[in-house]
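Visitor: The structure is given below, and queries will be raised subsequently.
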Amino acid sequence: MSERDNMKTKDKTVLGLELERFRFSRALRDTLAGIDLSLEPGSLTAIVGGSGSGKSTLGAVLAGMLPRHDGDELEATLRLAGREIRHGAGSGVRIDPVGWARQVGMLPQDARHYLSGVRETVEEELALGLENAGVPRTQMRARIAALADRLGLHALMDRDPGKLSGGQERLVALAALALGEAPVLVLDEPLAGLDTAAAARVCALVGRLRSEGTAVVLLTRFMDQLAAGADHVLSLREGSCHEVEYVAPTARAAAPPVRRPVADGPALLEFSGIDLGYRGSAGSVVAGLDLQLRAGECVALAGPNGTGKTTVLKAAAGLMRPAAGEVAGSASSGGSVGLLLQNPVDQLFERTVRREVAFGLPKRAPQAARIPEVLASLGLADEAETHPYELPASARRLVALATVLVREPTVLLLDEPTEALDADGLALLHTAIETVLDRGGAVLLATHDEAFMAATAHRVHRMGPAAPARI
């Protein structure tokens, strides 16, 4: 870009960042270095990078969330709403988080963190920010109803936000963020866990927001449909950004399919006419499900958000009792079942990776001796003494997977296992699944990732809303 063009860009900049370096407290090297961003009204900037590249950290800097404390080191100049803020050694700069959030809103990778956790319904959750801003009630209801139309949320308005599926949770968080009408939005993996229809609605919403002048920053692992209209595509590697030409998204390279199951393998998990629902729900989430999982096979559960995929996995793990029908081979009947939850935050609580994977295992148990082997198989051997929350999102998901695999489950249950995984993480996941199948186990997974299903599943069972499902 010429100096003249650069001057024009700065004149129209709604948010500018000149970042020399950022380093977390006690880190041995900089997480980010040498980044220069200028965001114009209505622009879309896609920042693409693998796990650990610094995407989420960069988003948190833009959103005024970093540095968090005196130990974090940031040397940068931010220009926002006519103000210039200089971070540097001894500057003592503190950003007003409430005032900053009015200008820059951020949807975190874990969308749950954006929700308050104190509202009883989705409608009340969406109203929270508007209430705090003093928006008149009539105007508030009109804005919420209009956004619910665009994102297809009307069926969720009376639901408890704490009982939504992962994809529904992300849609609600994005709606709450959009209602704030901040001039700049930073979206960290906004399409993760969404079905095709929901992803299309999000893309349409982002397009509308841009047409109204909102500048959008997209943080993503892969070039996806939301990045298709990006004004700038930046590759983030080892903390540094480089602009690249946009390449139309193509299907991710899939690993070779796992070996075909033995046709007459024994049934390891079987659902017979089961109905599943939650207390207080108007009806069943899953009705009349018949499904059999045999040794050596991988079966995928697919379908729109909210059709009960996670609910089926919970029943298989013995965490839910069906209102009708029977589950055979689940944990409730003594089967060896391991469940990887959709959100690793629900599964990680120890202070090192090694302690996390060893949790609950007797020291002399055969599984305890396998901990180094399992960590090595998932590329975590060098992270054994690291706190799980100091790892990037892809590695955290693999740590959660390690806590399951170390117990050598006969049936492995995976809920949206590809979320947050970069290309290396996906390859490790494929290998882990093959290992379970090779030893005569079986895998039941829930996912919206069609490429992953094509490469991994022997059968795909597509679920519909509250309709009897047969296979």
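Visitor: Could you tell me how many of the residues in segment 115-144 are touching a Pro at 6+ places or on another chain (Cβ under 6 Å) and part of a helix (DSSP H, G or I)?
Guide: 2
Visitor: Which residues, counting only those in segment 267-280, are outside any strand (DSSP E or B) and closer than 14 Å to PRO322 by Cα? Please lay out each step first, then the result.
Guide: Just the residues of segment 267-280 that are outside any strand (DSSP E or B), to begin with: 277-280.
Listed by number, the residues that qualify are GLY277, TYR278, ARG279.
Visitor: Assuming VAL172 fulfils every condition listed in (1) modelled with pLDDT of 95 or more; (2) surrounded by fewer than 20 Cβ atoms within 10 Å (Cβ to Cβ); (3) among the β-branched types (Val, Ile, Thr) apart from one, which condition is it?
Guide: Here VAL172 meets the rest and fails (2).
Visitor: Name the residue, out of ALA127, ALA89, that is closer than 30 Å to SER25 by Cβ, in the same structural domain as LEU15 (by TED's automatic domain parsing) and either out of contact with any Lys or Arg (no Cβ under 7 Å at 6 or more places or on another chain) or of a type in the set (D, E, K, R) (or both). Break it down stepwise before answering.
Guide: Values: ALA127 fails: closer than 30 Å to SER25 by Cβ.
Checking each option against the conditions leaves just ALA89.
Visitor: Follow-up. Criterion first (over 23 Å from SER165 (Cβ atoms) and surrounded by fewer than 14 Cβ atoms within 10 Å (Cβ to Cβ)) does ARG370 satisfy it? Give the derivation first.
Guide: Values: over 23 Å from SER165 (Cβ atoms): yes; surrounded by fewer than 14 Cβ atoms within 10 Å (Cβ to Cβ): no.
It is false that ARG370 is over 23 Å from SER165 (Cβ atoms) and surrounded by fewer than 14 Cβ atoms within 10 Å (Cβ to Cβ).
Visitor: Restricting to segment 185-215, give me the number of residues that are of a type in the set (S, T, N, Q) and either touching a helix residue (DSSP H, G or I) at 6+ places or on another chain (Cβ under 6 Å) or surrounded by fewer than 18 Cβ atoms within 10 Å (Cβ to Cβ) (or both).
Guide: Of the residues in that region, 2 qualify.
Visitor: While we're on this one: Quickly run through segment 369-380 and pick out the residues that are over 11 Å from LEU398 (Cα atoms) and touching a residue at least 24 places away in the same chain (Cβ under 8 Å).
Guide: ARG370, ILE371 - these are the residues of segment 369-380 that are over 11 Å from LEU398 (Cα atoms) and touching a residue at least 24 places away in the same chain (Cβ under 8 Å).
Visitor: Within segment 11-34, how many residues are over 25 Å from the mean Cα position of the chain (by Cα) and of a type in the set (Val, Ile, Thr)?
Guide: Of the residues in segment 11-34, 2 are over 25 Å from the mean Cα position of the chain (by Cα) and of a type in the set (Val, Ile, Thr).
Visitor: Among the residues of segment 449-456, is any at pLDDT below 95, in the same structural domain as VAL345 (by TED's automatic domain parsing), surrounded by fewer than 18 Cβ atoms within 10 Å (Cβ to Cβ) and of a type outside the set (Asp, Glu)?
Guide: Yes; the residues of segment 449-456 include at least one that is at pLDDT below 95, in the same structural domain as VAL345 (by TED's automatic domain parsing), surrounded by fewer than 18 Cβ atoms within 10 Å (Cβ to Cβ) and of a type outside the set (Asp, Glu).
Visitor: If you scan segment 160-169, which residues turn out to be part of a helix (DSSP H, G or I) and either surrounded by 21 or more Cβ atoms within 10 Å (Cβ to Cβ) or at pLDDT 95 or above (or both)? Talk me through it step by step, then tell me what you get.
Guide: To start, the set of residues in segment 160-169 that are part of a helix (DSSP H, G or I) comprises 161-163, 166-169.
Hits for segment 160-169 are PRO161, GLY166, GLY167, GLN168, GLU169.
Condition check ((1) closer than 18 Å to GLY162 by Cβ; (2) surrounded by fewer than 17 Cβ atoms within 10 Å (Cβ to Cβ); (3) modelled with pLDDT under 90) across all residues:
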residue	(1), (2), (3)
LEU78	no, no, no
GLY82	no, yes, yes
ALA89	no, yes, yes
VAL93	no, yes, yes
ASP96	no, yes, yes
MET106	no, no, no
GLU120	yes, yes, no
LEU128	yes, yes, no
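Visitor: Filter segment 344-367 for residues that are surrounded by 13 or more Cβ atoms within 10 Å (Cβ to Cβ) and part of a helix (DSSP H, G or I) and give the result.
Guide: Passing the criteria: PRO344, VAL345, VAL353, ARG354, ARG355, GLU356, VAL357, ALA358, GLN367.
Visitor: Report yes if GLU385 is in a helix (DSSP H, G or I) and either in contact (Cβ under 8 Å) with a residue 40 or more places away in the chain or among the acidic types (Asp, Glu) (or both), otherwise no. Give the derivation first.
Guide: Numbers: in a helix (DSSP H, G or I): no; either in contact (Cβ under 8 Å) with a residue 40 or more places away in the chain or among the acidic types (Asp, Glu) (or both): yes.
So GLU385 fails the test.
Visitor: Can I ask one more? Given ALA381, ALA420, ALA395, which one is more than 24 Å from LEU268 (Cβ to Cβ) and surrounded by fewer than 23 Cβ atoms within 10 Å (Cβ to Cβ)?
Guide: Numbers: ALA420 fails: surrounded by fewer than 23 Cβ atoms within 10 Å (Cβ to Cβ); ALA395 fails: surrounded by fewer than 23 Cβ atoms within 10 Å (Cβ to Cβ).
None of the other options fit; the residue is ALA381.
The values are calculated or read from the model by the stated rules, or taken from the named source; none is laboratory data. These figures come from a predicted structure and were not determined experimentally. Cβ atoms come from the backbone with ideal geometry, glycine included; neighbour counts cover every protein chain shown.
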